[in-house]
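Structure first, then comments.
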Amino acid sequence: MKKIFTFALLFALLNICVSNKIFARESNPDENRSVELSFSINWTFGCYKETTFSNLSQDLLAPRFQLDTKIISGDFLHKITADYFFCRPKSTMTQTAVVYKNFDPITGETYYEGFKSNLSFHRIRLQYDLAYDILKNNRFELYVGGNFACNAFLQFEHYPSITGLLSIGPTSAFNYKLNEHNSFSVMCSLPLLGYGVRPPYAGCDAQLMKYAEESFMKILTLGSFLSLHNQQAVLLDFEYKLSASDHFSVGLGFDFEYARIAVPKEKPLYYVDGNFKTTATVKF
């Protein structure tokens, strides 16, 4: 628990320092301000490997939905991302019947039962990026800063397997204006420090279920400190925009993400994903 409180305190102090700089700039009437709301539908290809359960590959062309809010206030860039992905993985286990050996508590005998797997995989990401414009001219902007992310990997069969991660790390963004109506942007972020809760096997851990019944916050005590030794990840975002007017634009993009979460160390989760996206953006 001391690690959690230390982590929260450092993040709060960082936000206070940044907020003071932002408020100090609000007295400048010439400060540039804008708000962009973007919604994108992505078509995903890639794979993940959940070693606590089975080696599985996710569907090709599975839909992924993403909502972005980008706020530019003076030299600061704020970006809030909500991302949801769902698929039913295709593998031998999901395409054929599986036989389980069960125990009858009344007769005391064992019996075999077959069923068709109904496995589903969900990924939810909430991320906040804060960056400062260190280089700017009429054609391009370069931002450098940090991010705070919440990630959940959810796998459901007859029971859930849920991995929850909190992390902070560096982020950078580059925007290039080709001409009056066309622009290109690249954004990169990665986790550096964090905290994660992950069961040691696919089903809900008994201790986790017990804490969930007694006090949900006690589940956090089952987590582990995350850094480069047990979590490696990178997220790249490429996007091209075509402005139809001063307040509306459409775009095409590509995201790439790699993640390895080695908690527990013996049974890591691997996630490799790329997706093409179509974007609609409203600017205020």
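The values are calculated or read from the model by the stated rules, or taken from the named source; none is laboratory data. What you see is a predicted model, and the numbers here were worked out from it, not measured in a lab. Every residue, glycine as well, gets a Cβ built from its backbone with ideal geometry; the counts of neighbours run over all protein chains shown. Ligands, DNA and RNA are stripped out before the accessible areas are found, and what is left, the full protein with its side chains, is counted by its heavy atoms. Shrake-Rupley method; radii C 1.70, N 1.55, O 1.52, S 1.80 Å.
Quick look at the values:
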{"quantity": "Filter result for A259 (aliphatic (A, V, I, L, M) and open to solvent by 10 Å² or more (accessible area, probe 1.4 Å))", "calculated": "no"}
{"quantity": "Residue identified as closer than 23 Å to F45 by Cβ, modelled with pLDDT under 85 and hydrophobic (A, V, I, L, M, F, W, C) among L208, L154", "calculated": "L154"}
{"quantity": "Selection within segment 221-247 - open to solvent by less than 40 Å² (accessible area, probe 1.4 Å), in contact with a Phe, Trp or Tyr (Cβ under 8 Å, 6 or more places away or on another chain) and not in a strand (DSSP E or B)", "calculated": "G223"}
{"quantity": "So F216, is it modelled with pLDDT of 80 or more and among the aromatic types (F, W, Y)", "calculated": "no"}
{"quantity": "D246 vs. criteria under 22 Å from the mean Cα position of the chain (by Cα) and within 30 Å of S183 (Cβ to Cβ)", "calculated": "no"}
{"quantity": "Lone unmet requirement of (1) of a type in the set (S, T, N, Q); (2) modelled with pLDDT of 90 or more; (3) over 30 Å from L226 (Cβ atoms) for N137", "calculated": "(2)"}
{"quantity": "Filtered residues of segment 247-276 (kept if at pLDDT 85 or above and charged (D, E, K, R))", "calculated": "D255, E257, R260"}
{"quantity": "Among (1) among the polar types (S, T, N, Q); (2) assigned to a strand (DSSP E or B); (3) at pLDDT 80 or above - the single one S161 does not satisfy", "calculated": "(3)"}
{"quantity": "Total residues in segment 103-145, condition in contact (Cβ under 8 Å) with a residue 40 or more places away in the chain and either aromatic (F, W, Y) or under 30 Å from C87 (Cα atoms) (or both)", "calculated": "12"}
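Quick grid of which residues meet (1) modelled with pLDDT of 90 or more; (2) surrounded by 15 or more Cβ atoms within 10 Å (Cβ to Cβ); (3) over 30 Å from E180 (Cα atoms); (4) of a type in the set (S, T, N, Q):
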position: G46; (1), (2), (3), (4): no, yes, yes, no
position: F53; (1), (2), (3), (4): no, yes, yes, no
position: Q58; (1), (2), (3), (4): no, yes, yes, yes
position: Q66; (1), (2), (3), (4): no, yes, no, yes
position: F76; (1), (2), (3), (4): yes, yes, no, no
position: K90; (1), (2), (3), (4): no, no, yes, no
position: Q95; (1), (2), (3), (4): no, no, yes, yes
position: Y112; (1), (2), (3), (4): no, no, yes, no
position: I124; (1), (2), (3), (4): yes, yes, yes, no
